[in-house]
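See structure below.
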Amino acid sequence: MFSNFSLELKKIINGSKKEMVLLKHSYIGTEHFVLSILKCNNDIKTILNKFGVTYDLFRNKIIENLGVGEDINSLFVFTPLFKKILEDSILSSSEEKNDYVDLSLVFKMMLDEGEGVAFRIFCDLGVNIDLLYDSIDIGINKVSSNSLLFD
């Protein structure tokens, strides 16, 4: 499944596994994916930071909503939603005749779903999802902190 993922996306997914282990969860979901994004240096992290979303804030929201598990799980499974997002990203990339599935495509697919733990946390934090989506399209250089609108 991961053979046509960009190196950056593979790194983020691998980081998602690490976040799952740290939280002692038994699955990898959108929340672990976003945590991994926020832990690495990438354009989406920069944009999320401009929306006021930081690693510590997001992680605390996950713990507040889901808690921390009891035991470390060495196996990993994707939630059905996150698996669907990855599969839809592969299909979309293929339809667009792109060689690789990149991080921004998967992130936008996650926002398109309009559900999942990460999406709910963004809403709880007052992030304007439409503006976040548009910010991914226009890039970090054109997004200023002063132009961000919150619901």
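The values are calculated or read from the model by the stated rules, or taken from the named source; none is laboratory data. Keep in mind that this is a model prediction, so the values were computed, not measured. Please note: Cβ atoms are built from the backbone with ideal geometry, for glycine as well, and neighbour counts cover all protein chains shown. Protein only, heavy atoms only, side chains kept; ligands, DNA and RNA dropped before computing areas. Shrake-Rupley method; radii C 1.70, N 1.55, O 1.52, S 1.80 Å.
General observations
- Taken over segment 95-120, the criterion of being in contact (Cβ under 8 Å) with a residue 60 or more places away in the chain, surrounded by fewer than 20 Cβ atoms within 10 Å (Cβ to Cβ) and of a type outside the set (Asp, Glu) is satisfied by Tyr100, Ser104.
- When segment 33-46 is filtered for residues that are open to solvent by 20 Å² or more (accessible area, probe 1.4 Å) and assigned to a helix (DSSP H, G or I), the ones remaining, listed by number, are Lys39, Asp43, Lys45, Thr46.
- Segment 47-78: number of residues that are open to solvent by 40 Å² or more (accessible area, probe 1.4 Å), in a helix (DSSP H, G or I) and under 17 Å from Gly15 (Cα atoms): 3
- For segment 1-17, a tally of residues being assigned to a helix (DSSP H, G or I), farther than 17 Å from Leu66 by Cα and either open to solvent by 60 Å² or more (accessible area, probe 1.4 Å) or not β-branched (Val, Ile, Thr) (or both) returns 7.
- Within segment 77-90, residues that are free of Cβ contacts under 8 Å to residues at least 60 places away in the same chain and more than 15 Å from Ser16 (Cα to Cα) sit with their Cβ atoms under 8 Å from residues that are in a helix (DSSP H, G or I) and open to solvent by 30 Å² or more (accessible area, probe 1.4 Å), at 6+ positions apart or across chains, in these pairs: Lys84/Glu113; Asp88/Met109; Ser89/Leu105; Ser89/Met109.
- Only one of the numbered conditions (1) of a type in the set (A, V, I, L, M); (2) within 17 Å of the chain's Cα centre (by Cα); (3) not in a loop (DSSP other than H, G, I, E, B) is not met by Leu91, and that is (2).
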